[in-house]
Amino acid sequence: MKTKTIPIIQISLLLACLLLFTTCVKEDLDECGTTRVWITLNPDMYELPAGEHQIQNIHVYIFNENETLVAEWEGGPYDYRTGQPCEVPVDLAPGTYHFTAWTNIGQQYQTHTATRLKESELHLRNDGTAPFTQDIPDLHYAAGEKIIVSPRQEHEYTLHLIPNTYRINLAVNGLPGNNNGKPYQFTLSDNNSAYDFNNRIVGNQPVYTHERTGTLQQGKLNAGIRTLTLHNDHAIENIGKEDTGDRSPTLTLRESTGSTTLFTGNLVKIIRTAYAKAGKQADFDKTYQFDIILSFDADMNVTISVNGWTYTPNGTEL
């Protein structure tokens, strides 16, 4: 049986391990079905930042038809750039299962795994106080629903990993030249730090902030931020559909030694508007890097460029 084909980062996970579940005891092995889970990636199909989306580990959670957790598996690292898949034979008792996979669990990400699928969540370690001054790890998600295992039959499934992180490259032109060497600060604030096991954002989370500080050099300023999903709803059934939600991550540029704010706006709205002004539609399912240039004139009016699409915003386009 084949899983649903999804037009996302095709990371065909071959999980390198044999799992033997307590539901498939020794005397009943003849009744067990063999399930292999594959993972592969064709990076040419997606606009990924060069050298990023590293996978240090993969955690797989397996739930039965009652959505009760029956097993977990951990493996890695996995280097999709080799083009070599991994294969994991998984011996399961006959039944219907749900697989959920997350990558790079550890220092920054933790799963709150309950015994029930609907109660399980993944969280960015975040107390809402100290900003993230370095990049968070890349995060990916995959799920296989209604994976059926039949007695004495072999099954193969492919889990397709969805990237949950984006690279935001920031550049500023036109700041006063006599400010060379002066420190400035970018911040990106959001509240998307938790996800259920369907990859939907869990609400009512504290706002957290990415913070980057740099000095003006020859009138230019640059910074980079890796941030979590820009989608309103990144659940599998919504991949490939137009995303018209009201996500509101706030991007701000200010003088770091004072209280002067030079720019602030909704990152998602900025990206969508730049594409729309060019007659395009931003595709958050395909594009995982956005190069944003803020260009100020002598009166500190700003022009915005996103991946080469440029516009001058009015008051409602930020």
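Looking at segment 103-112, which of its residues are over 17 Å from residue 197 (Cα atoms) and surrounded by 13 or more Cβ atoms within 10 Å (Cβ to Cβ)?
108
Could you pull out the residue among 158, 165, 115, 100 that is of a type in the set (Val, Ile, Thr) and loosely packed, with under 15 Cβ neighbours inside 10 Å?
Just one listed residue meets the conditions, 115.
Of all the strands (runs of 3 or more DSSP E) wholly in segment 255-318, which have at least 3 residues that are in contact (Cβ under 8 Å) with a residue 60 or more places away in the chain and either open to solvent by less than 20 Å² (accessible area, probe 1.4 Å) or more than 30 Å from residue 54 (Cβ to Cβ) (or both)?
Output list reads 289-296.
Among what's in segment 118-146 and is free of Cβ contacts under 8 Å to residues at least 12 places away in the same chain and either closer than 19 Å to residue 212 by Cα or touching a strand residue (DSSP E or B) at 6+ places or on another chain (Cβ under 7 Å) (or both), pick the residue that is most open to solvent (accessible area, probe 1.4 Å).
Only one residue tops the list, namely 134.
If I ask for residues that are in contact (Cβ under 8 Å) with a residue 60 or more places away in the chain, within 16 Å of the chain's Cα centre (by Cα) and not in a strand (DSSP E or B), which ones from segment 187-226 would you list?
193, 197, 202
Applying the selection to segment 150-182, what residues are more than 24 Å from residue 53 (Cβ to Cβ) and outside any loop (DSSP other than H, G, I, E, B)?
154, 155, 156, 172, 173, 177, 178, 179
Taking segment 257-312 only, how many residues are of a type in the set (Asp, Glu) and within 18 Å of residue 212 (Cβ to Cβ)?
Of the residues in that region, 1 qualify.
Of everything in segment 276-312 that's of a type in the set (Phe, Trp, Tyr) and over 21 Å from the mean Cα position of the chain (by Cα), which residue is farthest from residue 228 (Cα to Cα)?
296
Being closer than 20 Å to residue 250 by Cβ and either hydrophobic (A, V, I, L, M, F, W, C) or at pLDDT below 95 (or both) narrows it down to one residue among 170, 161, 122; which is it?
Unique residue meeting the criteria: 170.
Quickly run through segment 162-205 and pick out the residues that are acidic (Asp, Glu) and within 28 Å of residue 99 (Cα to Cα).
196
Quick one: count up the residues across segment 168-182 that are open to solvent by 40 Å² or more (accessible area, probe 1.4 Å) and under 22 Å from residue 288 (Cβ atoms).
1
Given the residues 209, 261, 250, which is the only one that is under 25 Å from residue 303 (Cβ atoms), modelled with pLDDT of 95 or more and either among the β-branched types (Val, Ile, Thr) or touching a strand residue (DSSP E or B) at 6+ places or on another chain (Cβ under 6 Å) (or both)?
Matching residue, one of 209, 261, 250: 250.
The values are calculated or read from the model by the stated rules, or taken from the named source; none is laboratory data. Predicted model, so just to flag it, every value in this text is computed and none were measured. Cβ: placed from backbone, ideal geometry, glycine included. Neighbour counts: every protein chain shown. Accessible surface areas use protein heavy atoms only, side chains included; no ligands, DNA or RNA. Shrake-Rupley method; radii C 1.70, N 1.55, O 1.52, S 1.80 Å.
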